[in-house]
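First up is the structure itself, then whatever we jot down about it.
The values are calculated or read from the model by the stated rules, or taken from the named source; none is laboratory data. All values derive from a computational prediction rather than experimental measurement. Methodologically, a virtual Cβ is constructed for each residue, glycine included, from the backbone with ideal geometry; neighbour enumeration extends over all protein chains shown.
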Amino acid sequence: MLVAVIGAAVWVGVRGWLAKGELEAAASTAGVLQKHIEAGDTADAGHAADSLVDHTGEAASLTGDPVWRLAELVPGVGANLHAVRVLSAELDTAASDAIRPLTGLTDSIGAASFRPVDGHVDVQPLIDAQPTVLSALGALTEASAGVSAIKDDGLLGPIAAARDDVAATLAKAVGVADVLENALRVAPTMLGADGPRNYLILFQNNAELRSAGGIPGALALLHTDGGTMRLTAQVAASDFATPRQSGLPVDETTRAIYGSLPGQFMQNVTMTPDFAVSASLAKAMWERRFGGVVDGVIAVDPVAIGYFLKATGPVVLPDGSKLTSQNAAKSLLQDVYQRLEEPADQDAYFAEAASAAFDAVSGGNADPTKLVRALIRAGDESRVALWSADPTEQAIFASTTLGGLDAAQRSAGDQAYGVYFNDTTRAKMDAYLDVAIDTDVVPRSDERSVVTVTVTLRNSAPSDSATSLTAHVTGGGRVVPEGQIGTNVTVYSPSGAYDFGVQKDGTNVAYASHDDGDRLVKSLGVRLSPGESTTLKFGYISAKAGQDSPVIVHTPTMTPLEVGSL
């Protein structure tokens, strides 16, 4: 009996040591594989994937024999042996059933697959890859669940740390695979694989803020059919001037918070952070004005266009000027109003810039990796939003960063606050609005917390704005004195939070309060003269214990901002 026990211990010990070496080699190989994929070296990536499967398969074999499983019953060490076996088995599942099959697709659906060439994307490889990606997503999800199920009881520090590292890696891999699977399901139909589609593009102007980013000052209609795409119409928001009495109806919640304006003028459809509402209104306005059917709506701002120009390189406009990744936002949000005084000339410039940027992206010269990174960054900053009239597609958009700000806040969890801005200057002064957002958390005796969202606004316009800036920028004194910036600040709480008041520059002030379902919505308007600043503090009591790490989703401004912690 003693000899058998000693023999089993040596057997398990040796195999455990060998498995440890295989898992370390697998981790190193995974890093090499990632570098090959990023570099587009498909052949080397395939070899690395095969090597990865060899290492994980050997580790699973070393830890999966009957003697090892019997040793898992031994008190004190059994839990650790069980953890090592499960980690090895699930990593092998992920490598064999997900990573290697996905690596085999790099030739057909790499980043370049989503890059248009001469206005066309070959949709068939995207369709063909769907079953493989769906299967890989299932394998990764199963492996992630298996690792997450490993209990903490009795685990040694190094093994617990390895479990946590693998769990985090697999969770990230599931997220990436889920995004890819969604993209492969949606992209072909959006590109007209099942028939022609029409998408309304809203070019948002951050110089006149709206909750979703800015007024849709320029619009275009994108037609797709069988993977081919082209702009078929370009208009200005002024073409939708709608009498107040014939505006579109808005839902009760939107009307309570923002009034009827979102349904009256195209420039105001993005007053709400709920892009599904904005897109539905924009679709209805377009169809009423121009006829036809709009299948979806896309919103993008000049900062995002600048990101895309990093992938395409500069574009030359008809007047000889260049639009680059460095000057796109400033050219489209500031300089144009100083160079061109007539609104018609400004509208023409916006149309030319939009057309040139579209041609650059769809022409085929863009760096595919940089193009994907630009889309990811723009989505993370809520500078690009997508909505589809198809409920199935819309459900996918609503679960991603591309679904708009409201969707982003809801998907960020029960500690997410939304901070949104709407211009009341009726001009283009928000290029001079500096914004800072900070959060502060103070624990209470009942284990809840007082959460304060601090919004600091500053008017950085020149003191001589009345003379140095055009009337189109300042508003010419029609609504506020020239140089002033008027802003409505609206903050959405997480579900169930309680009100704890609002302060302006240290003094309690009155504010508007509404409910959006179980979220508390508070609004306050301010006006700032050049050089003036104000600090607003929106207070809340968390709905329950543990909500002490607030997340902020906010209107994308002309200059990206970082959320601080006080």
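Miscellaneous remarks
- Odd one out for Gly57 among (1) buried (at least 16 other Cβ atoms within 10 Å of the Cβ); (2) under 35 Å from the mean Cα position of the chain (by Cα); (3) within 21 Å of Val32 (Cα to Cα): (2)
- Scan of segment 515-533 for residues that are in contact with a helix residue (DSSP H, G or I) (Cβ under 6 Å, 6 or more places away or on another chain) and charged (D, E, K, R), ordered by number: Asp516
- Looking only at residues of segment 459-481 that are crowded, with 18+ Cβ neighbours inside 10 Å and out of contact with any Gly (no Cβ under 7 Å at 6 or more places or on another chain), we find that the one that is nearest to Met429 (Cα to Cα) is Val473.
- Residue match in segment 145-159 (condition: surrounded by 21 or more Cβ atoms within 10 Å (Cβ to Cβ), within 30 Å of Arg373 (Cβ to Cβ), in contact (Cβ under 8 Å) with a residue 24 or more places away in the chain and not assigned by TED's automatic domain parsing to the domain that holds Phe358): yes
- Residue within segment 171-182 that is part of a helix (DSSP H, G or I), farther than 19 Å from Val372 by Cα and of a type in the set (Val, Ile, Thr) present: no
- Cross-chain or 6+ apart pairs with Cβ under 7 Å, segment 334-357 first and in the same structural domain as Asp319 (by TED's automatic domain parsing), then of a type in the set (D, E, K, R) and surrounded by 15 or more Cβ atoms within 10 Å (Cβ to Cβ): Tyr337/Lys428
- Test result for Gly306, under 27 Å from the mean Cα position of the chain (by Cα), crowded, with 23+ Cβ neighbours inside 10 Å and in the same structural domain as Ser211 (by TED's automatic domain parsing): yes
- When Leu323, Leu261 are screened for being surrounded by fewer than 21 Cβ atoms within 10 Å (Cβ to Cβ) and either touching a helix residue (DSSP H, G or I) at 6+ places or on another chain (Cβ under 9 Å) or at pLDDT 95 or above (or both), only Leu261 passes.
- Subset of segment 377-415 (residues that are of a type in the set (Phe, Trp, Tyr) and closer than 26 Å to Ala207 by Cα): Trp387
- Check on Ser88, part of a helix (DSSP H, G or I), buried (at least 19 other Cβ atoms within 10 Å of the Cβ), in contact with a helix residue (DSSP H, G or I) (Cβ under 9 Å, 6 or more places away or on another chain) and hydroxyl-bearing (Ser, Thr, Tyr): yes
- Within segment 379-425, the set of residues being in contact with a strand residue (DSSP E or B) (Cβ under 8 Å, 6 or more places away or on another chain), charged (D, E, K, R) and under 30 Å from Gln334 (Cα atoms) comprises Arg383, Asp406, Asp423.
- If you go through segment 375-429 and keep only what is small (Gly, Ala, Ser), outside any strand (DSSP E or B) and over 11 Å from the mean Cα position of the chain (by Cα), you end up with Ala389, Ala395, Gly413, Ala427.
- The lone criterion from (1) part of a helix (DSSP H, G or I); (2) surrounded by fewer than 18 Cβ atoms within 10 Å (Cβ to Cβ) left unmet by Leu73 is number (1).
- Here Arg478 does not fit the description of being of a type in the set (D, E, K, R) and over 30 Å from Gln334 (Cβ atoms).
- Test: residue in segment 236-243 that is modelled with pLDDT of 85 or more, in the same structural domain as Ile305 (by TED's automatic domain parsing), crowded, with 18+ Cβ neighbours inside 10 Å and outside any helix (DSSP H, G or I): yes
- Residues that are aromatic (Phe, Trp, Tyr) and at positive phi within segment 499-547 are absent altogether.
- The number of residues in segment 499-536 being surrounded by 13 or more Cβ atoms within 10 Å (Cβ to Cβ), more than 14 Å from Asn488 (Cα to Cα) and under 28 Å from the mean Cα position of the chain (by Cα) comes to 4.
- Within segment 38-45, the presence of a residue that is among the β-branched types (Val, Ile, Thr) and over 36 Å from the mean Cα position of the chain (by Cα) is excluded.
- Scanning segment 518-549 for residues that are part of a loop (DSSP other than H, G, I, E, B), in contact (Cβ under 8 Å) with a residue 60 or more places away in the chain and not aliphatic (A, V, I, L, M) yields Ser529, Pro530, Gly531, Glu532, Ser542, Lys544, Gly546, Gln547, Asp548, Ser549.
- Ala207 vs. criteria assigned to a loop (DSSP other than H, G, I, E, B) and either without any contact (Cβ under 8 Å) to a residue 60 or more places away in the chain or not acidic (Asp, Glu) (or both): yes
- Which listed residue, of Val563, Val502, is in contact with a strand residue (DSSP E or B) (Cβ under 6 Å, 6 or more places away or on another chain), among the β-branched types (Val, Ile, Thr) and closer than 25 Å to Ala256 by Cβ: Val502
- When Pro262, Pro249 are screened for being outside any helix (DSSP H, G or I) and free of Cβ contacts under 8 Å to residues at least 40 places away in the same chain, only Pro249 passes.
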